[in-house]
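Below is one structure, written out as structure tokens, with a few remarks after it.
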Amino acid sequence: MPELPEVERARAALEKGALGRRITAVDDADTWVCRPHAPGEIADALTGATLTVAHRRGKAMWVETDRGVVLGLHLGMAGRIAVDEPPADRAWDRFSVQFEDGGRLALHDRRRLGRVVLDPDLDRVGPDAAEVGRDEFRERVGRGSAPLKARIMDQGTIAGVGNLLADETLWKAGLSPLLPAGDLDDDQLDHLRRVLRRATRSAIRKGGVHTGDLIPHRSRGGTCPRCGAELRRDTVGGRTTYWCPADQPGPG
Ligand SMILES: [Zn+2]
């Protein structure tokens, strides 16, 4: 599932391949992916426009145009951005725009859980997990009784952390996923913020969250790549969680 690093790579692909090109046609016929827009509504707004700037915050991505209208793109569980791919790969394209120069941009999404929307509402998306400042991180993350992992995965608290990045980060920070978020002191929160930023940037550079050090060991009977202890498997915040009870002391 795309997390912040995957979405950042998609944004970079848009920036590199789709900006500055004039749109001549839009396929917005998938009324589920393009909800709440009626077929033709996105096409009317974008035809003739040029994409100008590609933004991202957490897993939310949006592209500005020279007409003021903004195109929101969400990858969902398995979507990806395809720029100028050959026709053979188009079976699962849920939305596409055709450029004047003959090229094409598509949301390729086998599971159909992505989303395309004009002028997306970003009010419920928290600050980006890799960019959030120290004081804001302390205030947003270090409160309440929710388990720490659930807190950092809440997209309104900080945006972009999914299941794998959460496990990787908490393991690297030496913090139990089960700790009540409000129990962390400022030093622990500052440490967590630094580790999260580092893990996120590493994943962007290496190609995705699957490149994390803990990730290959997240299976039944898996052991900690640092100390060799058997990893614990729990459900935290509704998600399967692997953690090292020796390196990540806490409740449970
Ligand atoms: Zn360990």
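Taking θ as phi - 60° and the Karplus parameters 6.51, -1.76 and 1.60, the scalar couplings of the stretch 19-32 work out to 6, x, 10, 7, 8, 10, 7, 9, 9, 10, 6, 7, 6, 6 Hz in sequence order, x denoting glycine and proline.
For the stretch 1-136, the convex hull drawn through the C-alpha positions has a volume of 106 cubic angstrom per residue. Computed from backbone phi with θ = phi - 60° and the Karplus coefficients 6.51, -1.76 and 1.60, the 3J(HN,Hα) list for the stretch 114-130 is x, 8, 10, 8, 7, 6, x, 8, 9, 4, 8, 8, x, x, 4, 4, 8 Hz; x is used for glycine and proline. Derived scalar couplings between HN and Hα for the stretch 183-199 equal 7, 6, 8, 4, 5, 5, 5, 5, 4, 4, 5, 5, 5, 4, 5, 5, 5 Hz in order, rounded to whole Hz, by the Karplus curve 6.51 cos²θ - 1.76 cosθ + 1.60 (θ = phi - 60°), x for Gly and Pro.
For the stretch 175-252, which trypsin sites (Lys or Arg not before Pro) pass both filters: DSSP loop (anything but H, G, I, E, B) and at most 16 other C-beta atoms within 10 Å?
Working: sites: 193, 194, 197, 198, 201, 205, 206, 218, 220, 226, 232, 233, 239; in loops: 218, 220, 226.
When the trypsin sites (Lys or Arg not before Pro) of the stretch 175-252 are filtered for loop state and at most 16 Cβ neighbours within 10 Å, 220, 226 remain.
Which value, to two decimals, describes the C-alpha radius of gyration of the stretch 127-252 once divided by 2.2 N^0.38 Å? Don't skip to the answer; put the middle values down first.
Values: Rg = 13.3 Å, N = 126, 2.2 N^0.38 = 13.8 Å.
Working it through for the stretch 127-252, the quotient is 0.96.
Can you sort 215, 158 so the residue with the fewest Cβ neighbours within 10 Å comes first? Walk me through the intermediate numbers first.
Numbers: 215 19, 158 26.
With the sparsest Cβ surroundings first, the list reads 215, 158.
Summed over qualifying helices (DSSP H, 4 residues or more, each -39500 (n - 2.57)) and divided by its residue number, the chain shows a 222 nm mean residue ellipticity of -8000 deg cm²/dmol. Dipole of the stretch 133-250 computed with +1 at Lys/Arg Cβ and -1 at Asp/Glu Cβ about the Cα centre; of 203, 176, 236, farthest Cα towards the positive end is 203.
Between 0 and 90 degrees, the angle of helix 4-17 with respect to the longest Cα principal axis of the chain falls at about 30 degrees.
Per residue, how big is the convex hull around the C-alpha atoms of the chain? Give it to me in cubic angstrom, could you? List each step's numbers first, then the result.
Values: hull volume 32.5 nm³, N = 252.
Taking the convex hull of the Cα positions in the chain, it is 129 Å³ per residue.
Over the chain, what is the mean sequence separation of C-alpha contacts under 8 Å (at least six apart), divided by residue count, expressed as relative contact order in percent? Contact order relative to length: 18 percent.
Bear in mind these aren't lab numbers, they're just calculated from the coordinates by the rules spelled out. Note that the structure is a prediction, hence the values are computed from the model and not measured. Please note: Cβ atoms are built from the backbone with ideal geometry, for glycine as well, and neighbour counts cover all protein chains shown.
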